[in-house]
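Asker: The structure is given below, and queries will be raised subsequently.
None of the figures in this text is laboratory data; all of them are computed from the coordinates on show. The structure displayed is predicted, hence computed values, not measured ones.
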Amino acid sequence: MNDLRAERLQVMLSPDELAAVDDFRFKHRMPTRAAAVRELLKFGLAAADVDAIPGVKSSSFGVFGRGPDGHTQGDPESGKED
């Protein structure tokens, strides 16, 4: 492993978020998901102008809109959310 990348960051993604990362990866011929995520982070950090307010939950920061309650668990067989 590269000495400059000694820290591991684990991120949980919804299926739609993972599909978006994979779409970006394949469209731009990136070798791995990790490379795609690093490139997306670079773009995001360059464009970021977001300041969180106190009390905001992590689930409020998703790639796709999730509504006021953040991420909700859906029934995988019916496709409906709880």
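Asker: Quick one: length gained pulling Ala47 to Phe24 fully straight, 0.36 nm per residue minus the C-alpha distance?
Answerer: Details: separation 23, 0.36 × 23 = 8.28 nm, distance 1.74 nm.
That works out to 6.5 nm of additional length.
Asker: How much length is gained if the chain between Ser59 and Leu9 is pulled fully straight, taking 0.36 nm per residue apart and subtracting their Cα-Cα distance, in nm to one decimal? Spell out each step's value before the answer.
Answerer: Values: separation 50, 0.36 × 50 = 18.00 nm, distance 1.67 nm.
Using 0.36 nm per residue and subtracting the Cα-Cα distance, I get 16.3 nm.
Asker: While we're on this one: Largest first and to the nearest Å, give the Cα extent of the range 18-63 along each principal axis.
Answerer: Principal-axis extents of the range 18-63 (Cα, largest first): 38, 21, 13 Å.
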